[in-house]
Amino acid sequence: MPRPKFIAGNWKMSTNHTAAKELAAAVAKGVGSDSTVQVAVCPPFPWLASVAEVLKGSPVALGGQNCHFETEGAFTGETSPAMLVDAGCRYVIVGHSERRHGMGETDALFNKKAKAALAAKLKVIFCVGELLAEREANATETVLDTQLVAGLAGLTAEQLANVVVAYEPVWAIGTGKVASTQQAQDAHAFIRSKIASLFGEKAASELLIQYGGSVKPDNAAALLHQPDVDGALVGGASLKADQFLAIVAAAK
Ligand code: PGA
């Protein structure tokens with residue numbers, strides 16, 4: 001069975017309350033009832049419940065950008081997977097490079113978050129990707145290997161069915177420097193082979209692997225038609241409904 005395409009928008013720390021609702025409404029309108037491509041948006045936490053309201057009846061799913069690994073308690077400033085579910089989320093992004101490299105979070109922490117999110121019945125968009133220096137040192141596959149082994153440690157093949165891997169070369173995020181289609185395909189093929197060795201061929205052949213890093217309407221189609229590229233995690237271009245919808249259309 002061919003894998004479906006999955007396009008997710010990561011709004012990061014952008015938008016305000018009104019803009020978030022308008023953006024969600026425009027995305028929902030553009031997608032309509034068409035579910036040939038899976039679509040999700042990941043707004044900032046304060047707008048989740050309002051955006052969930054806007055997306056009611058739409059196939060566009062809601063996701064959180066991060067979560068804590070505990071269910072509740074004295075964790076000031078944190079949000080649990082159960083809270084995300086309660087706010088209407090079906091997805092959560094775990095392991096984004098802006099948390100790895102910007103906030104000092106580790107593979108071990110991402111592993112705990114992924115497990116907690118899956119236990120709460122969220123689907124996890126698990127991000128991996130190398131720094132520019134790592135690519136230049138020919139260490140891309142070693143880095144991806146480490147991030148996958150440590151980040152997905154202890155998961156079962158059944159749990160992996162609720163994981164999407166996002167390959168996001170850090171040097172391509174927000175820089176306008178997109179990976180070439182060959183670089184993306186090579187990294188995705190490596191990720192799929194690594195998942196096969198960890199979780200088996202079936203899990204690997206069903207795994208959705210998104211590419212992320214400066215995906216725009218003009219480069220989306222070429223990336224999305226690589227054999228192992230099953231979608232995109234879109235930052236900047238997800239903040240403009242027309243651009244995001246053009247990327248969704250390019251996935252068809
Ligand atoms: P970008 O961000 O599309 O703005 O490069 C992608 C991401 O960080 O997920």
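The values are calculated or read from the model by the stated rules, or taken from the named source; none is laboratory data. This one's a predicted model, so the numbers in the text were calculated from it and none came from an experiment. Glycine also receives a Cβ, built like all others from the backbone with ideal geometry; neighbour counts cover every protein chain displayed. Remember, those area values only see protein heavy atoms, side chains included, never the ligands or the DNA or RNA. Shrake-Rupley method; radii C 1.70, N 1.55, O 1.52, S 1.80 Å.
Which of the residues spanning segment 149-159 are surrounded by 23 or more Cβ atoms within 10 Å (Cβ to Cβ) and either in contact with a His (Cβ under 9 Å, 6 or more places away or on another chain) or among the aliphatic types (A, V, I, L, M) (or both)?
Scanning segment 149-159 gives a single hit, Leu152.
Quick check on Val248: is it in a loop (DSSP other than H, G, I, E, B), within 15 Å of the ligand (Cβ to nearest atom) and touching a residue at least 12 places away in the same chain (Cβ under 8 Å)?
Against the criterion (in a loop (DSSP other than H, G, I, E, B), within 15 Å of the ligand (Cβ to nearest atom) and touching a residue at least 12 places away in the same chain (Cβ under 8 Å)), Val248 does not qualify.
Could we say that Glu98 is within 15 Å of the ligand (Cβ to nearest atom) and assigned to a loop (DSSP other than H, G, I, E, B) here?
When the stated conditions are applied, Glu98 does not pass them.
So which residues in segment 120-148 are open to solvent by 70 Å² or more (accessible area, probe 1.4 Å), under 18 Å from the mean Cα position of the chain (by Cα) and under 16 Å from Asp186 (Cβ atoms), if there are any at all?
Scanning segment 120-148 gives no hits.
Within segment 195-233, which residues are within 16 Å of the ligand (Cβ to nearest atom), in contact (Cβ under 8 Å) with a residue 60 or more places away in the chain and not polar (S, T, N, Q)?
Selection gives Leu208, Gly212, Gly213, Leu224, Asp230, Gly231, Ala232, Leu233.
Taking into account only those residues within segment 101-119 that are away from the ligand (no atom under 13 Å from the Cβ) and in a loop (DSSP other than H, G, I, E, B), which is least open to solvent (accessible area, probe 1.4 Å)? Can you show your working first?
Just the residues of segment 101-119 that are away from the ligand (no atom under 13 Å from the Cβ), to begin with: 103-119.
Now drop any that are not in a loop (DSSP other than H, G, I, E, B), which leaves 103-106.
Numbers: Met103: 119, Gly104: 55, Glu105: 27, Thr106: 70 Å².
Result: Glu105.
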